[in-house]
Amino acid sequence: MRAFFHPDQRLHDPQQFMRVGRIRDPKDLPGRIDALIGALAARGIATEAPRDYGLAPALTVHTRPYLDFLASAYERWRALPEAGPEVLPNVSPYWNGRPDWPHRPACRSRSVVAEAGYYLGDLAVPIGPDTWRSALASTHTAAAAADAVLAGAPAAYALCRPSGHHARADRATGFCYLNNSAIAAERLLSRHARVAVLDVDAHHGDGTQEVFYRRADVLTVSIHVDPNDYYPFYIGYADEGGVGEGEGRNINLPLAPGAADAEFHAAVDRAAERIGAFGAEALVVALGYDSHREDPIGLLKVSTEGFRGIGERVRAIGLPTVVVQEGGYQISVIGDCLGQFLHGLLAR
């Protein structure tokens with residue numbers, strides 16, 4: 001199995017985020033990377049640095065005004081009087097969330113304060129001096145893994161950081177700036193007529209759903225904590241099935257808080273059936289470990305060994321597969337979770 005990672009992905013070093021009304025220590029720490037690289041090394045898998053793809057992969061998913069904002073926001077922010085250490089929004093626009101719109105128009109104001117409110121969806125996506133560099137490198141990692149699968153590898157792993165599945169076409173949210181899973185899926189579509197995205201992070205893949213919600217060529221399936229109780233709250237319900245050409249192409253399988261291995265595995269089995277019925281020719285797995293029972297912001301009770309069962313079920317789907325790293329914040333367990341997943345996926 002080939003695996004990809006760019007050292008620039010270490011540079012993003014958030015200092016704060018808000019949760020339940022308190023500014024808290026960040027969870028997406030650079031140390032997550034070492035635990036995951038260690039799990040790969042234990043199986044004899046060395047990471048490869050992707051080539052520089054520039055903006056091309058990101059532009060298949062994201063709008064140019066949004067990318068321009070991410071690239072320039074920090075320097076513009078620091079030029080403001082009394083600016084804080086990171087870009088965080090203190091204003092937010094009203095928008096009706098029309099599902100038939102692929103994205104909003106560009107922000108009318110060119111003030112960085114206005115754009116921060118427009119393009120940053122919550123207080124979990126601070127932009128620091130190296131955020132753009134890390135996020136862009138993460139898209140290159142996802143593109144390289146997809147290219148490896150297109151070249152004939154049965155599976156490839158993209159060690160993406162920052163994560164991506166909450167990122168919309170024109171909005172960052174939930175630790176995510178650019179949607180690596182969607183970028184991988186778009187790349188697979190260059191050769192495959194139908195691609196499925198299976199999101200097994202504990203949080204709903206709302207950004208990925210939004211990107212493909214009007215599309216017939218991508219099936220999005222997300223297994224996650226019921227949004228009635230868990231972030232992202234406003235999206236991820238079972239009745240969200242797609243719109244227009246995408247009707248029936250989005251499947252949400254919410255789980256009750258406290259669900260453990262048996263419930264999660266049953267949901268993956270249901271997802272596999274739908275992926276088979278869709279006729280997918282290739283698969284993207286958005287892999288998170290925040291469903292683990294020790295995750296500091298998780299509500300599920302999946303065991304470390306439970307990730308082997310997820311990997312086994314992905315292997316049984318039998319499609320060329322790009323695995324894209326998403327969340328998981330208990331550093332002491334995420335390496336073992338990846339190791340168990342790979343044991344199931346690779347049957348060793």
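Return a yes/no flag: does region 147-154 have any residue that is free of Cβ contacts under 8 Å to residues at least 40 places away in the same chain and among the aliphatic types (A, V, I, L, M).
Checked region 147-154: at least one residue is free of Cβ contacts under 8 Å to residues at least 40 places away in the same chain and among the aliphatic types (A, V, I, L, M).
Do any residues in region 159-187 that are within 24 Å of GLN16 (Cα to Cα) have Cβ atoms under 6 Å from those of residues that are in a loop (DSSP other than H, G, I, E, B) and among the acidic types (Asp, Glu), where the two are at least six apart or on different chains, and which pairs are they?
From residues that are within 24 Å of GLN16 (Cα to Cα), the pairs are SER163/GLU326; HIS165/GLU326; THR173/ASP122; PHE175/ASP28.
Across region 311-341, what is the number of residues that are of a type in the set (Val, Ile, Thr) and out of contact with any Leu (no Cβ under 8 Å at 6 or more places or on another chain)?
Qualifying residue count, region 311-341: 1.
Name every residue in region 18-34 that is of a type in the set (A, V, I, L, M, F, W, C) and either under 18 Å from the mean Cα position of the chain (by Cα) or not in a strand (DSSP E or B) (or both), in order of residue number.
Matches in region 18-34: VAL20, LEU29, ILE33.
Mind listing whichever residues of region 156-198 are among the β-branched types (Val, Ile, Thr), over 27 Å from VAL87 (Cβ atoms) and touching a Ser or Thr at 6+ places or on another chain (Cβ under 9 Å)?
The answer is VAL197, and nothing else.
Please go through region 249-268 and pick out each residue that is surrounded by 13 or more Cβ atoms within 10 Å (Cβ to Cβ) and not aliphatic (A, V, I, L, M).
Across region 249-268, the qualifying residues are ARG249, ASN250, ASN252, PRO254, PRO257, ASP261, GLU263, PHE264, HIS265.
Which residues, taken from region 244-297, are touching a residue at least 12 places away in the same chain (Cβ under 8 Å), outside any helix (DSSP H, G or I) and on the phi > 0 side of the Ramachandran plot?
Residues satisfying the conditions are GLY258, GLY279.
Out of all the residues in region 311-348, which are outside any loop (DSSP other than H, G, I, E, B), over 17 Å from the mean Cα position of the chain (by Cα) and farther than 11 Å from ALA39 by Cβ?
Of everything in region 311-348, those that are outside any loop (DSSP other than H, G, I, E, B), over 17 Å from the mean Cα position of the chain (by Cα) and farther than 11 Å from ALA39 by Cβ turn out to be GLY311, GLU312, ARG313, VAL314, ARG315, ALA316, ILE317, ILE331, SER332, GLY344, LEU345, LEU346.
Restricting attention to region 80-95, which residues are touching a residue at least 12 places away in the same chain (Cβ under 8 Å), farther than 15 Å from THR173 by Cβ and of a type in the set (A, V, I, L, M, F, W, C)?
Answer for region 80-95, where residues must be touching a residue at least 12 places away in the same chain (Cβ under 8 Å), farther than 15 Å from THR173 by Cβ and of a type in the set (A, V, I, L, M, F, W, C): LEU80, VAL91.
Could you identify the single residue in GLY174, GLY164 that is farther than 18 Å from HIS6 by Cα and either of a type in the set (Ser, Thr, Tyr) or within 10 Å of the chain's Cα centre (by Cα) (or both)?
GLY174
Residue check: is ARG43 more than 18 Å from ASN180 (Cβ to Cβ) and not in a strand (DSSP E or B)?
So ARG43 fits the description; yes.
Can you name the residue in region 212-248 that is among the small types (Gly, Ala, Ser) and within 16 Å of GLY174 (Cβ to Cβ) and is also surrounded by the most Cβ atoms within 10 Å (Cβ to Cβ) among such residues?
Going through the qualifying residues, I end up with SER222.
Kindly indicate whether GLN9 is under 28 Å from SER190 (Cα atoms) and among the polar types (S, T, N, Q).
Working: under 28 Å from SER190 (Cα atoms): yes; among the polar types (S, T, N, Q): yes.
For GLN9, the condition - under 28 Å from SER190 (Cα atoms) and among the polar types (S, T, N, Q) - is met.
Among (1) in contact with a helix residue (DSSP H, G or I) (Cβ under 6 Å, 6 or more places away or on another chain); (2) crowded, with 20+ Cβ neighbours inside 10 Å, there is one condition ILE331 misses while meeting the rest; what is its number?
If we test ILE331 against (1) in contact with a helix residue (DSSP H, G or I) (Cβ under 6 Å, 6 or more places away or on another chain); (2) crowded, with 20+ Cβ neighbours inside 10 Å, just (2) comes out false.
Among the candidates TYR177, TYR157, which residue alone is crowded, with 24+ Cβ neighbours inside 10 Å and farther than 20 Å from TYR118 by Cα?
Unique residue meeting the criteria: TYR157.
Of the residues LEU40, LEU59, only one is under 30 Å from ALA155 (Cβ atoms) and either buried (at least 20 other Cβ atoms within 10 Å of the Cβ) or touching a Pro at 6+ places or on another chain (Cβ under 6 Å) (or both); which?
Working: LEU59 fails: either buried (at least 20 other Cβ atoms within 10 Å of the Cβ) or touching a Pro at 6+ places or on another chain (Cβ under 6 Å) (or both).
Going through LEU40, LEU59 in turn, just one is under 30 Å from ALA155 (Cβ atoms) and either buried (at least 20 other Cβ atoms within 10 Å of the Cβ) or touching a Pro at 6+ places or on another chain (Cβ under 6 Å) (or both): LEU40.
When you scan region 48-135 for helices (runs of 4 or more DSSP H) that lie fully inside it, which ones turn up with 2 or more residues that are among the aromatic types (Phe, Trp, Tyr)?
Filter on region 48-135 gives 64-78, 112-119.
Among the residues of region 274-283, are any within 30 Å of ILE331 (Cβ to Cβ), crowded, with 20+ Cβ neighbours inside 10 Å and over 16 Å from the mean Cα position of the chain (by Cα)?
The answer is no; no qualifying residue exists.
Report whether or not ALA202 is assigned to a helix (DSSP H, G or I) and buried (at least 24 other Cβ atoms within 10 Å of the Cβ).
It is false that ALA202 is assigned to a helix (DSSP H, G or I) and buried (at least 24 other Cβ atoms within 10 Å of the Cβ).
All of the numbers you see were taken from the coordinates with simple rules; none came from a lab. Quick caveat: nothing in here was measured; it's all calculated off a predicted structure. Note: ideal-geometry Cβ built from the backbone for every residue, glycine included; neighbour counts use all protein chains shown.
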